[in-house]
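**Q** Provided herewith is a single structure, encoded as C-alpha cells, for subsequent inquiry.
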Amino acid sequence: MLRIATFNIENLTFEDRKNNPGVHARQDELRRVLARLRADVLCLQEVHAENLDGHTEDNPKRELGALNELLKTTIYENYHPYWTSLPDHEGVPRAKRNLVILSRFPFDSCSQYRNKWIDKLMYVPVTEKKAEEAEEGEQPNAMISWERPILHATITVDSGKQKHKLHIINLHLKSRLPSKIKGQIDEEQWWLWRSAAGWAEGYFLSSIKRVGQALETRVLLDTIFDDEPDAKVLVCGDLNAEPGEVPIEAICGRVENTGNPALRKRVMIACSEMVPESLRFTHLHHGEGNLLDHILVSKPLLAHLCCVAIHNEGLHDESLPFAVDMKYPESDHAPFVAVFDLSL
C-alpha cells in the first residue's frame, strides 16, 4: 500500500510570538498528527525558514530549521525532502510559506514553476491611484503575479509486479484574503479597509492570482499528458477553493466543461468524493466546514485508489473570538490522506 498525504501545517516556525507558538510548543501535537498519517509521501504547506549567520538579501542563507526539529524522532526524519527555492538561489528556501515534499522514495526529478507558462498580467488599478497623482487621461498599470510556485517531483515505486512512475504536484493557491491595495488599508490598523470598493478590489485581485495559479497547474498537467498519456499524477495541497469553484474546475478539466470526450484521459478526479459529505471538510470558518485541501488524481492512478480519510476529528474553528493559536497548536487545517494499491 502507498499512502500519500497533504497537510497545511499552518505557519511552522521557530519564532514564538504573542498567541502564536513556535515549533517547540507545537511539536508534541504535530508529531501525533504526522504519525497517524503514516505517509510514504507527504506534501506540506506553510513551512517557514530561518535565516542563518551571514544572511543578506544579496546572499541569502536560510534553512527549514523548524521542520527539521519537528521531524526528529518521526518516520519522516530520513525521508527525501524537496522544497521551494528562491528564484536565483537553488536550495535556499523562501522566508515564509514554503512548500515541502517529503518522500520515502528518492526523487527522480524535481522542478518548481512560477509564471513559467503565464507571464505577469497587466492590470489597471481601480481604487489605488489617487486622482491628483495621475495626469489627465493616464491609466496607471500594475503587473500581477503570484507569490507561491508549483512544486513538481517524480518518484518511482516498485510494487513487486512493475515499477510505477508517479508525478507529485504540491500546491498552495492564493488565499481568499484580499490582496493589499495601496492607500486603501489603514496604516495603523492593518485589518481596517478605508472603502468597500478597496476591499472588493483586493478580493478580486486575490481571485485572479488563485485562478492564475490553477491555470498554470493545468498547463503543467497537459504538458505531462502530452509526454505520458497514461501518466499517474497527483495534485495535492491547500487550494483555497471548494469543489465546483473555478480553481478546482480549471485543474480537473472535466469533460462536462470541455465538451471534448477525447480529453477524458486527462481529467483529474477529486479523492474527496470517497468521503461522506458530512465529513468532507478540512477547515472551519464561522462554524461552517470548508473543503479547501485536496488530493486530485489522474484516471490511471484512480484505478489503484483504495481509500481516503480526512483527519478532522479535532479540528478547531480559529475564526471565532479568542480562538488564538496558543490554544490550538495543531493547525487550522486537517490533513488529508489517500491510500493506493499499486499491485492491482
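The values are calculated or read from the model by the stated rules, or taken from the named source; none is laboratory data. These figures come from a predicted structure and were not determined experimentally. Neighbour counts are summed over all protein chains in view; Cβ atoms, including those assigned to glycine, are modelled from backbone coordinates with ideal geometry.
**Q** Looking only at segment 1-57, how many residues end up being surrounded by 24 or more Cβ atoms within 10 Å (Cβ to Cβ) and of a type in the set (Gly, Ala, Ser)?
**A** Count: 3.
For (1) of a type outside the set (Asp, Glu); (2) at pLDDT below 95, each residue gets a yes or a no:
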{"position": "Gly237", "(1), (2)": "yes, no"}
{"position": "Ala270", "(1), (2)": "yes, no"}
{"position": "Glu288", "(1), (2)": "no, yes"}
{"position": "His311", "(1), (2)": "yes, no"}
{"position": "Pro321", "(1), (2)": "yes, yes"}
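**Q** Only one residue in Leu292, Leu344 is under 30 Å from Thr223 (Cα atoms) and either of a type in the set (Lys, Arg) or buried (at least 16 other Cβ atoms within 10 Å of the Cβ) (or both), so which one is that?
**A** None of the other options fit; the residue is Leu292.
**Q** Cβ-Cβ under 7 Å, sequence separation 6+ or interchain: first residue in segment 323-344 and among the polar types (S, T, N, Q), partner modelled with pLDDT under 95 and assigned to a loop (DSSP other than H, G, I, E, B). Which pairs?
**A** Every condition considered, the pairs that remain are Ser343/Ser159; Ser343/Gly160; Ser343/Lys161.
**Q** Give me a count of the residues in segment 53-102 that are of a type outside the set (Phe, Trp, Tyr) and within 22 Å of the chain's Cα centre (by Cα).
**A** 32
**Q** While we're here: Output the helices (runs of 4 or more DSSP H) that fall wholly within segment 180-296 and possess 2 or more residues being under 21 Å from Gln45 (Cβ atoms) and touching a residue at least 40 places away in the same chain (Cβ under 8 Å), or say none.
**A** 196-227, 246-252
**Q** Right, next: It is to be established whether one or more residues within segment 63-72 are of a type in the set (D, E, K, R), outside any loop (DSSP other than H, G, I, E, B) and touching a strand residue (DSSP E or B) at 6+ places or on another chain (Cβ under 7 Å).
**A** Yes, because at least one residue in segment 63-72 is of a type in the set (D, E, K, R), outside any loop (DSSP other than H, G, I, E, B) and touching a strand residue (DSSP E or B) at 6+ places or on another chain (Cβ under 7 Å).
**Q** Could you check segment 251-285 and list, in sequence order, the residues that are loosely packed, with under 14 Cβ neighbours inside 10 Å and in contact with an Asp or Glu (Cβ under 7 Å, 6 or more places away or on another chain)?
**A** Asn257 - this is the single residue of segment 251-285 that is loosely packed, with under 14 Cβ neighbours inside 10 Å and in contact with an Asp or Glu (Cβ under 7 Å, 6 or more places away or on another chain).
**Q** OK, next. Could you list all residues from segment 166-179 that are basic (Lys, Arg) and either surrounded by 17 or more Cβ atoms within 10 Å (Cβ to Cβ) or without any contact (Cβ under 8 Å) to a residue 60 or more places away in the chain (or both)?
**A** The answer is Lys174, and nothing else.
**Q** What is the number of the single condition among (1) under 19 Å from Asn98 (Cβ atoms); (2) in contact with a helix residue (DSSP H, G or I) (Cβ under 9 Å, 6 or more places away or on another chain); (3) of a type in the set (A, V, I, L, M) that Ile75 does not meet?
**A** Unmet condition: (1).
**Q** Could you list, in sequence order, all residues of segment 6-42 that are out of contact with any helix residue (DSSP H, G or I) (no Cβ under 8 Å at 6 or more places or on another chain) and in a strand (DSSP E or B)?
**A** Across segment 6-42, the qualifying residues are Thr6, Asn8, Glu10, Asn11, Arg17, Asn20, Val41.
**Q** Follow-up. Limited to segment 297-322, what total is found for residues that are touching a residue at least 12 places away in the same chain (Cβ under 8 Å), of a type in the set (D, E, K, R) and within 21 Å of Asp332 (Cα to Cα)?
**A** Residues meeting the conditions: 2.
**Q** Considering only residues that are at pLDDT 85 or above and among the basic types (Lys, Arg), which ones fall in segment 38-68?
**A** Arg38, Arg62
**Q** Hey, does segment 247-256 have a residue that's at pLDDT 95 or above, farther than 21 Å from Ser145 by Cα, touching a strand residue (DSSP E or B) at 6+ places or on another chain (Cβ under 8 Å) and not aliphatic (A, V, I, L, M)?
**A** yes
**Q** Take segment 274-306 and flag every residue that is under 15 Å from Leu234 (Cβ atoms), more than 18 Å from the chain's Cα centre (by Cα) and not small (Gly, Ala, Ser).
**A** Met274, Lys299, Pro300, Leu301, Leu302, His304, Leu305, Cys306
**Q** Looking at segment 1-34 only, could you name the residues that are more than 21 Å from the chain's Cα centre (by Cα) and either under 17 Å from Asn312 (Cα atoms) or β-branched (Val, Ile, Thr) (or both)?
**A** Glu29, Arg32 - these are the residues of segment 1-34 that are more than 21 Å from the chain's Cα centre (by Cα) and either under 17 Å from Asn312 (Cα atoms) or β-branched (Val, Ile, Thr) (or both).
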